[in-house]
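Single-structure report; data block below.
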Amino acid sequence: CSRCVRIGVHVRPESVFTFARITRWNGELQWNGINEILRVSHPGISAHVRHETSTRSDALLDATGQVPAELLARNLDSRRIAMQFSQALFKTDADAIVLSLQSDLQMFAARHSRDNYILCPNDFAAWSSEDQAWIRARFNAEKKIDVEEG
């Protein structure tokens, strides 16, 4: 589409993100985020938005595209673990990439003490005590990222 803008939006997995959210009430369009703004400011242009989940920016920059074998061997949430090591952000065909600060400000991250990769153990309190002990024995907590750093 020559009159379309492709946007990749990377947000925290738990986010309810309304950047391009479409809501209908009684069949009537109520809100379409970026496209509603574009219709007024740039008639005839529309945005095609693709949402991707991501973790903190430090983990995103360290992502190699490969999930470490040690993580694959454990029975963890494979979809969320794989997403953390994805390089989709760097390989997507988009005219713009939008990153949310929410992940940087709210997500806990830990760095593997031997292999130096970053893991964001999402919903850590719900992990089994065995998996929690495994993380504590092999990872060191990363410092929180504040607004100025993010």
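The values are calculated or read from the model by the stated rules, or taken from the named source; none is laboratory data. Just so you know, these numbers come straight off a predicted model, no measurement behind them. Cβ sites come from the backbone with ideal geometry, for glycine too, and all protein chains shown count toward neighbours.
Being within 26 Å of Val147 (Cα to Cα) and among the acidic types (Asp, Glu) is true for just one of Asp115, Asp93, Asp104. Which residue is that?
Details: Asp115 fails: within 26 Å of Val147 (Cα to Cα); Asp93 fails: within 26 Å of Val147 (Cα to Cα).
That would be Asp104, the only listed residue that is within 26 Å of Val147 (Cα to Cα) and among the acidic types (Asp, Glu).
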Are there helices (runs of 4 or more DSSP H) fully within the range 48-150 with at least 2 residues that are modelled with pLDDT of 80 or more, closer than 27 Å to Asn35 by Cα and not hydrophobic (A, V, I, L, M, F, W, C)? List them.
102-106
Which one of these does Val5 not meet: (1) at pLDDT 85 or above; (2) farther than 30 Å from Asp146 by Cα?
(1)
Restricting the range 133-150 to residues that are without any contact (Cβ under 8 Å) to a residue 12 or more places away in the chain and closer than 17 Å to Ala73 by Cβ, the one surrounded by the most Cβ atoms within 10 Å (Cβ to Cβ) turns out to be Ala133
